[in-house]
1. Pick out the one residue from Ser19, Ser68, Ser14 that is touching a strand residue (DSSP E or B) at 6+ places or on another chain (Cβ under 9 Å), hydroxyl-bearing (Ser, Thr, Tyr) and under 17 Å from Met109 (Cα atoms).
2. May I ask you to verify whether Gly41 is within 30 Å of Ala2 (Cα to Cα) and either hydroxyl-bearing (Ser, Thr, Tyr) or surrounded by fewer than 15 Cβ atoms within 10 Å (Cβ to Cβ) (or both)?
3. Taking segment 18-33, which residues are surrounded by fewer than 24 Cβ atoms within 10 Å (Cβ to Cβ) and in a strand (DSSP E or B)?
4. Of everything in segment 62-92, what is touching a Ser or Thr at 6+ places or on another chain (Cβ under 7 Å) and free of Cβ contacts under 8 Å to residues at least 12 places away in the same chain? Give them in sequence order.
5. Return a yes/no flag: does segment 48-62 have any residue that is more than 27 Å from Ile22 (Cβ to Cβ), of a type in the set (A, V, I, L, M, F, W, C) and part of a helix (DSSP H, G or I).
6. Take segment 72-100 and flag every residue that is of a type in the set (Lys, Arg) and in a helix (DSSP H, G or I).
Amino acid sequence: MAKTVVRTDRAPSSLAGYSQGIKAGGMVYVSGMAGVDPATGKPVGATIQEQTAQSLRNVQAVLEEAGSSLDRVVWAIWSLRDPEDFDGFNAEWSNWFPADPPARHGARMPLPDRLSGLLVSIGVIAEA
């Protein structure tokens, strides 16, 4: 099975040694995308809703670069800095996936202090 690295300037570059996405076996695997502006690398907004929307815009950009889309997402994993943000995260999530949402899994996100402005990270698996 061949794999193709997916890279786009419309999503943030990695903070460490990982690809934005990988296309393999008829699927697209998108790394966790934070709610940051790809041009500046800075968090977008101060609320969980603003950063969730930006995280999903970043995920969408990687999916589109791979020839896929959000409506082809079958599984998602999300991490929140603060579990108290779950309701706001879920409200914004519902705007992006109003019907037939993907399966998902969530956890609390431990982050170093240098990344203190980040509130959420979202990664997905989608059909190619």
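Bear in mind these aren't lab numbers, they're just calculated from the coordinates by the rules spelled out. Just so it is clear, the structure is predicted and the values come from calculations on it, not from any experiment. No Cβ is skipped: glycine too gets one built from the backbone with ideal geometry, and neighbour counts run over all protein chains shown.
1. Ser14 is the lone residue from the list that is touching a strand residue (DSSP E or B) at 6+ places or on another chain (Cβ under 9 Å), hydroxyl-bearing (Ser, Thr, Tyr) and under 17 Å from Met109 (Cα atoms).
2. Details: within 30 Å of Ala2 (Cα to Cα): no; either hydroxyl-bearing (Ser, Thr, Tyr) or surrounded by fewer than 15 Cβ atoms within 10 Å (Cβ to Cβ) (or both): yes.
Criteria not met by Gly41.
3. Result: Ile22, Lys23, Ala24, Met27, Tyr29, Ser31, Gly32.
4. Within segment 62-92, none qualify.
5. Scanning segment 48-62, I find at least one residue that is more than 27 Å from Ile22 (Cβ to Cβ), of a type in the set (A, V, I, L, M, F, W, C) and part of a helix (DSSP H, G or I), so the answer is yes.
6. Within segment 72-100, Arg72 is the sole residue that qualifies.
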